[in-house]
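Structure first, then comments.
Every number in this text was worked out from the coordinates using simple rules, so none of it is lab data. Owing to the predicted nature of the structure, the values given are computational and were not obtained by experimental measurement. Don't worry about glycine lacking a Cβ; one is built from the backbone with ideal geometry, like all the others, and counts go over all protein chains shown.
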Amino acid sequence: MGKWGQALPSDDVRPPRTGGFAMPGLHLLAELYDCRCPPQLLTDADALRELCLAVCATPGLTPVGQIFHQFGSALDPSGATGVVVLAESHLAVHTWPEVHAATLDLYVCNFSQNNSTAARLACQRLISAFVPARVLRRELERGIPDLAGGFDNARK
């Protein structure tokens, strides 16, 4: 696994469709700690929305909807959460300004084309915007029946 934003040799290859119908995808998760970004990015749903929509303008990602929620009040904001629905799947972000932290969840379907490079680039752009001192990243390839013991076992 390479660093997000860098192309990997496997980025242009879809998983084989053996053992049944494959629904390949890439799920990227990140926990961002000690974020040193402008405080507004952690407290203001509108600032978070603007960042997420800008990041989802990455070629290969297609926003089709979005919803963001402000915690606290306009006078005393206390975090935000938001989702951008993508034609390829979704981006979800949640902030904890009281501990200078955020979580990211980006999933893309790779059925008709491989969107992994676009997803990794978008996630890296988000991480960079929050300027975290510490990051925990997880990357999971999803929807490959052979990894679950075959397509027939999934129905039992």
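Take every pair of alpha-carbon atoms less than 8 Å apart whose residues are at least six positions apart; their mean separation over the length of segment 24-142 yields a relative contact order of 42 percent.
Give the calculated FRET efficiency between residue 135 and residue 23 to the nearest 0.05, with a Förster radius of 25 Å applied to their Cβ-Cβ distance. Step by step, r from the Cβ atoms, then E = 0.30.
Ordered by the number of other Cβ atoms lying within 10 Å of each residue's own Cβ, fewest first, 44, 105, 76 fall into the sequence 76, 105, 44. A full extension of the chain between residue 99 and residue 142 corresponds to an added length of 12.4 nm, given 0.36 nm per residue minus the alpha carbon distance.
This model, with +1 at the C-beta of Lys and Arg and -1 at the C-beta of Asp and Glu, gives segment 24-142 a dipole about its Cα centre of some 340 debye.
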